[in-house]
Amino acid sequence: MNIHRPGRTIFSLVGLLAITALTCAGAAAQDTTVQGIIIARSGTNMVLKTADAPKLVVVLNDDTQAKEVEGKLGMRKKELGITALVPGLPVRVKGSYDSQHRLVANTVEFKGSDLKTAQEIQAGLSPTDQELAAAQKGIAQNEQGIAANAQQAATNKQDIVQTNKRFSELDEYDVKGTVPVYFGNGSTVVESKYKQQLLALAQQAKQINGFMIQVQGFASSTGSAALNQKLSMERADSVLAYLEQDGKVPLTNILAPAAMGTSDQVASDTTAEGQAQNRRVVVKILVNKAIAGS
């Protein structure tokens, strides 16, 4: 004899509803992939310009992985810190949307060549202007040459358009504080007299909503170009390490250090005093103007 058990039916219905709810939640949290250009960084938030959205907010956290995609097929990936995610960098973000329609990033991928250009942009350099001039010159030569060079000329023109587009899309930043750190000849060690200034800058930054720290390393023009480039990078890395370890500045609030080499000399390298002024790292507190309200 079959006995109808209402309680069992209710429990079964509850279980079915629970499974349905979990399934819907899983679908809502399903991973998605978007591509765009970083136009701003503010703390753990990164803003992208995509084909579908002028300003898509991407949330970074300690679990977010930043990967440099190498090789023509993009199969080899080198793990990099999220400090490499600088304004002007084209990226592909994989993650899921939260309740505020922000994309919480699991991975962020980019090309090494794009990172180099983006670092030049965020550092406020004009090497890209030189590259554009060279490309424009190449276009003129190609257009005067034989038809076989037409494709190369078109490629150069497209490069110019894309680089100019990336410049125009970047959000602007206010500088809220600056500390220069000077180094001895051939040295990459941060002297104790600058450490207190760096700590004060770190404390100032932590009081500002959405701050970012920019670190630029420079060298004098004495010695080889390769050595000066290396020294400028190591000096920037030394300052960044001190800010992170002693200043307790989160990596989510630091832009990748830029090796500026002998560019932007502030004094003549013909004197010892001038060389000493050029051997420096410049640290700045940046705040997106939209956040600063300016």
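The values are calculated or read from the model by the stated rules, or taken from the named source; none is laboratory data. Predicted model only: the values in this text are computed from it and were never measured. Positions of Cβ are backbone-derived with ideal geometry, glycine not excepted, and every protein chain shown enters the neighbour counts.
Inside region 221-245, can you point out the residues that are surrounded by fewer than 24 Cβ atoms within 10 Å (Cβ to Cβ) and small (Gly, Ala, Ser)?
Of everything in region 221-245, those that are surrounded by fewer than 24 Cβ atoms within 10 Å (Cβ to Cβ) and small (Gly, Ala, Ser) turn out to be SER221, GLY223, SER224, ALA225, ALA226, SER238, ALA241.
Condition check ((1) modelled with pLDDT of 90 or more; (2) assigned by TED's automatic domain parsing to the domain that holds PRO87; (3) closer than 14 Å to VAL282 by Cα) across all residues:
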{"site": "THR163", "(1), (2), (3)": "no, no, no"}
{"site": "PRO180", "(1), (2), (3)": "yes, no, yes"}
{"site": "VAL190", "(1), (2), (3)": "yes, no, yes"}
{"site": "ALA202", "(1), (2), (3)": "yes, no, yes"}
{"site": "LYS206", "(1), (2), (3)": "yes, no, no"}
{"site": "GLY210", "(1), (2), (3)": "no, no, no"}
{"site": "ALA226", "(1), (2), (3)": "no, no, no"}
{"site": "ASP237", "(1), (2), (3)": "yes, no, yes"}
{"site": "ASP246", "(1), (2), (3)": "yes, no, no"}
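Being at pLDDT 80 or above, loosely packed, with under 15 Cβ neighbours inside 10 Å and assigned to a loop (DSSP other than H, G, I, E, B) is the filter here; which residues of region 61-96 pass it?
ASN61, ASP62, ASP63
With at pLDDT below 90, assigned to a helix (DSSP H, G or I) and more than 23 Å from THR117 (Cα to Cα) as the only criterion, which of ALA267, ALA276 stands out?
Within the list ALA267, ALA276, the selection yields ALA276.
A quick yes/no check of all residues on (1) in a helix (DSSP H, G or I); (2) touching a strand residue (DSSP E or B) at 6+ places or on another chain (Cβ under 9 Å); (3) at pLDDT 85 or above:
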{"position": "ALA18", "(1), (2), (3)": "yes, no, no"}
{"position": "LEU22", "(1), (2), (3)": "yes, no, no"}
{"position": "ALA25", "(1), (2), (3)": "yes, no, no"}
{"position": "GLN35", "(1), (2), (3)": "no, yes, yes"}
{"position": "ARG41", "(1), (2), (3)": "no, yes, no"}
{"position": "MET46", "(1), (2), (3)": "no, yes, yes"}
{"position": "LYS49", "(1), (2), (3)": "no, yes, yes"}
{"position": "ASP52", "(1), (2), (3)": "no, yes, yes"}
{"position": "VAL57", "(1), (2), (3)": "no, yes, yes"}
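Taking region 174-220 as the region of interest, how many residues are touching a strand residue (DSSP E or B) at 6+ places or on another chain (Cβ under 7 Å), assigned to a helix (DSSP H, G or I) and among the polar types (S, T, N, Q)?
Final tally of qualifying residues: 2.
Take region 54-70 and flag every residue that is out of contact with any Leu (no Cβ under 8 Å at 6 or more places or on another chain) and of a type in the set (A, V, I, L, M, F, W, C). Break it down into steps so the answer makes sense when it comes.
Of all residues in region 54-70, those out of contact with any Leu (no Cβ under 8 Å at 6 or more places or on another chain) come to 54, 61-65, 69-70.
Of everything in region 54-70, just one residue is out of contact with any Leu (no Cβ under 8 Å at 6 or more places or on another chain) and of a type in the set (A, V, I, L, M, F, W, C), namely VAL69.
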